[in-house]
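Report on one structure; see the data block that follows.
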Amino acid sequence: MEIILAPIVVSVISSVLALIIVVVDGVVNNYGEVEIDINDSKRNLKVKGGTPLLQTLSSQGIFVPSACGGRGSCGACKVKVLSDVGPYLPTELPYMSKEELKENIRLACQIKLKKDIKIYLPEELFNIRKFKGIVESLKDVTYDIKELRIRLVEPNEANFKAGQYVQLVIPPYENIKESTQRAYSISSSPSDKNHIELLIRLVPGGIATTYVHKYMKEGDVVEVVGPFGDFYMRDTNADMIMVAGGSGMAPIKSIIFDMWERGITNRNVWYFFGARSKRDLYYLEIFQELEKKWPNFHFIPALSDPLPEDDWTGEIGLITNVLDKYLQNIIPAENPKEGYLCGSPGMINACVQVFDKHGVKDVYYDKFA
């Protein structure tokens, strides 16, 4: 009899403790209404306290950039705080420079609204919109990258610079109880204002990528927020040295085809795309066709570990080694240069070292969170 009762007693005690925790949390953490003063009272929001600043602003139609959806892993949602919100959290410090610490720059996703707060936001953030769209097409471009094409319906046009990104809203599914957002670079050209195209690589265990690859289907209604970002072509005459790998193709593709459409073909563009084997390559034909029409455009795909059946005759090696070889022997050394990089932090850091070696100081990048 005791053996039967023991699990029941434990279950009852656990239920009581859970109820107590819920009640205490509701009382202790009931911060009531708080006020957010934005840009010296140009905007004042009265909101319920207790939630992070990032999500609260989003609920009010003010969208601060966040590549990781508020997990504190990207460092993108920086805001200037003009009032006391307590000391920096350990989750914030890795993303702050000495100058930002002096100016009290904080991560909006890590600030819990417990009392009235004053903040400063750049005015351009107030132009960020939430768009509703329809999944017009969803197709595989490699075994682990999907091209997602969204037709915008409300509003039905988006203005963005080639190279910028949007945040894709992921609804609850399976064990994911709340909506979340993840950042993806736009791969389509700004001339097509009615569509947003994204390249999304499957990340094992990734909330957003799992949803896109395994649950999303054509005809679904989706939401995107944006545009965000300062990764775009600078208006100079310098040679553009562009490097990407995997889904890092997206912003580079947008920039290159935007240049072609606008007739900005006087600049030399060298585009290095790195992959492991041939099955990781995609869009080869469209860039090779563009190379035929645009004499100043050079497309250099490279495989680091080609398979025998790939029958690969192109460049072989890590993309950084190929980049180094071209900067050393092929790309004219006397021309001013700019670097444009998109990919993993490791790839970007390695490319920056190569650029430093060859005196390329103006480097812009879109680093995956």
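The values are calculated or read from the model by the stated rules, or taken from the named source; none is laboratory data. Nothing here was measured: the structure is a model prediction, and the numbers come from that model. All Cβ positions, even for glycine, are placed from backbone atoms using ideal geometry, and neighbour counts span all protein chains on display. For accessibility, only protein heavy atoms count, side chains too; no ligands or nucleic acids. Shrake-Rupley method; radii C 1.70, N 1.55, O 1.52, S 1.80 Å.
Computed quantities for the displayed model
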quantity	calculated
Selected from GLY339, GLY163, GLY219 as most flexible by GNM, with the chain as the system and alpha-carbon contacts under 10 Å	GLY219
Whole-angstrom gap from the range 126-198 to the range 242-285, using each part's C-alpha centre	19 Å
Computed [θ] at 222 nm, helices only, for the chain once each DSSP H run of length n ≥ 4 contributes -39500 (n - 2.57)	-8000 deg cm²/dmol
LEU45 - accessible surface, heavy atoms, 1.4 Å probe, Å² rounded to 10	30 Å²
Segment GLU35-ASN329, length gained on full extension (0.36 nm per residue, minus Cα span)	99.8 nm
Residue-level accessible surface for HIS195, protein heavy atoms, 1.4 Å, Å²	30 Å²
Listed values [x] 1.15; [y] 1.18; [z] 1.04, entry calculated as Rg/Rh (Cα atoms, Kirkwood Rh)	[z]
Stretch gain in nm, segment VAL47-TRP260, where the contour uses 0.36 nm per residue and the Cα spacing is subtracted	72.0 nm
Accessible area expressed per residue, the range 181-226, with surrounding protein chains retained (probe 1.4 Å, Å²)	40 Å²
Within the range 284-319, backbone nitrogen closer than 11 Å to the virtual label 7 Å beyond the Cα of ARG276 toward Cβ	304-306
Rounded FRET efficiency, nearest 0.05, which uses the C-beta distance separating VAL352 from SER179 and R0 of 45 Å	0.80
Cleavage-rule hits (trypsin sites (Lys or Arg not before Pro)) in the range 216-298: DSSP loop, at most 11 neighbouring Cβ within 10 angstrom	LYS217, ARG234
Computed FRET value (nearest 0.05) for LEU307 with ASP362, which takes r as the C-beta separation and R₀ as 51 Å	0.85
Separation in nanometres of the label points that stand 7 Å from Cα toward Cβ, at LYS98 and ASP192	4.7 nm
Relative contact order %, the range 129-228, counting alpha carbon pairs below 8 Å whose residues are six or more apart	38 percent
Distance (nanometres) between label positions extended 7 Å along Cα→Cβ at TYR143 and LEU82	5.5 nm
Student exercise, the chain dipole from Lys, Arg, Asp, Glu Cβ charges, in Debye to nearest 20	660 debye
Taking the range 239-367 and dividing mean pair separation by its residue count, relative contact order in percent (alpha carbons under 8 Å, at least six apart)	27 percent
Rounded percent of accessible protein surface that carbon and sulfur make up, the chain, 1.4 Å probe	52 percent
DSSP-loop trypsin sites (Lys or Arg not before Pro) across the range 131-195, with at most 13 other Cβ within 10 angstrom	LYS177
Calculated FRET value between THR236 and ASN156, using beta carbons and R₀ = 35 Å, to 0.05	0.55
Relative contact order (%) - criterion: Cα under 8 Å, at least six apart; region: the chain	13 percent
